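Colleague: What follows is a structure written as structure tokens; I'll ask about it next.
The values are calculated or read from the model by the stated rules, or taken from the named source; none is laboratory data. All values derive from a computational prediction rather than experimental measurement. Please note: Cβ atoms are built from the backbone with ideal geometry, for glycine as well, and neighbour counts cover all protein chains shown. Heavy atoms of the whole protein, side chains included, go into the accessibility calculation; ligands, DNA and RNA do not. Shrake-Rupley method; radii C 1.70, N 1.55, O 1.52, S 1.80 Å.
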Amino acid sequence: MSSSDFDVFVINLNVADFLMGVYVTVIGVADELFRDKYLHHDSTWKTSVTCKSAGFLSLLSSEVSALTICLITLDRFIVLRFPFSTRRFERASASVASLLTWMVGWMIALFPLLPVTSHWEFYSQTGICVPLPVTRQHFKGKVYSFSVLIGLNFLLFLLVSSGQAFIYWSIQSNTLKTNTTKVSRDMTIARRLITVVVTDFLCWFPVGLCGMLALAGVPIPGDVSVAFAIFVMPLNSAINPFMYTFNTVAEKRRKSKEAKLVKWLESHAGLQAISCGL
């Protein structure tokens, strides 16, 4: 897969992360509007279309982001595991896969808003409009929330981690064997993915851990859910584009230094040849 085709996944990942920024903006505006008087508007806000829309965007963002990273890992796995195979993501297939990812994310986030689940207290469970299952308190839709935010995301993380372990092994074993342009590009993309997976783990592991502890009956402070929704999840979305940009800049600097070193060595060898000729 060429770098332009890889950009299809990166663009979709950035759009998904951007939606999390929209969610945070909505919550921030609501916080300013209801400051010092929220208790009088608690029920109205939690059942409002704005709150449900914000929660929808947050869940859509997190799931599409996780699924897209899974797709990127799958692509890198195929490229490194079957380097001579023609069956891999091209620009068209990457676009179709990304579209399916958005459809799955859309259905996951939309299901709690359907008439059949209208009795759920899903997006209206808390004032931050995100149904994180990190509380012992039971609410209608908690099983679905736990299944998606803890169960599905944990499964995706296992898939990404397994693929990433193979990718890391491939980088270590192939870097010294060959130095072709194609393999070098594949290694570069794989290194970018490592940092994204690590940051995703650091952000989502506390959420999953608190969810499991709450399921086991361990009391979790209410402020934890707010911290996860307002700081941890948006931080994860904010880091992803930065990590890709940082790795791209670092890779360009590395290549620039290598080019300068090669040029210096060629120039030095030329001077030595001239000296020997004299």
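Colleague: Within the stretch 60-89, can you find the residues that are within 21 Å of the chain's Cα centre (by Cα), open to solvent by 10 Å² or more (accessible area, probe 1.4 Å) and of a type outside the set (Gly, Ala, Ser)?
Modeller: Across the stretch 60-89, the qualifying residues are Leu67, Cys70, Leu71, Leu74, Phe77, Ile78, Phe89.
Colleague: Oh, and also: Please go through the stretch 26-59 and give me each residue that is free of Cβ contacts under 8 Å to residues at least 12 places away in the same chain and open to solvent by 70 Å² or more (accessible area, probe 1.4 Å), ordered by number.
Modeller: Val29, Asp31, Glu32, Leu33, Arg35, Asp36, Lys37, Leu39, His40, Ser43, Thr44, Val49
Colleague: Ok, one more. Tyr23 versus (1) part of a helix (DSSP H, G or I); (2) open to solvent by 60 Å² or more (accessible area, probe 1.4 Å): which is the lone unmet condition?
Modeller: Against the list (1) part of a helix (DSSP H, G or I); (2) open to solvent by 60 Å² or more (accessible area, probe 1.4 Å), Tyr23 comes up short only on (2).
Colleague: Among the residues that make up the stretch 138-150, is at least one of them surrounded by 15 or more Cβ atoms within 10 Å (Cβ to Cβ), small (Gly, Ala, Ser), at pLDDT 75 or above and not in a helix (DSSP H, G or I)?
Modeller: Checked against the condition, which is being surrounded by 15 or more Cβ atoms within 10 Å (Cβ to Cβ), small (Gly, Ala, Ser), at pLDDT 75 or above and not in a helix (DSSP H, G or I), the stretch 138-150 yields at least one hit.
Colleague: Out of (1) assigned to a helix (DSSP H, G or I); (2) open to solvent by 30 Å² or more (accessible area, probe 1.4 Å), what's the single condition that is false for Leu156?
Modeller: Only one criterion in (1) assigned to a helix (DSSP H, G or I); (2) open to solvent by 30 Å² or more (accessible area, probe 1.4 Å) is unmet by Leu156, namely (2).
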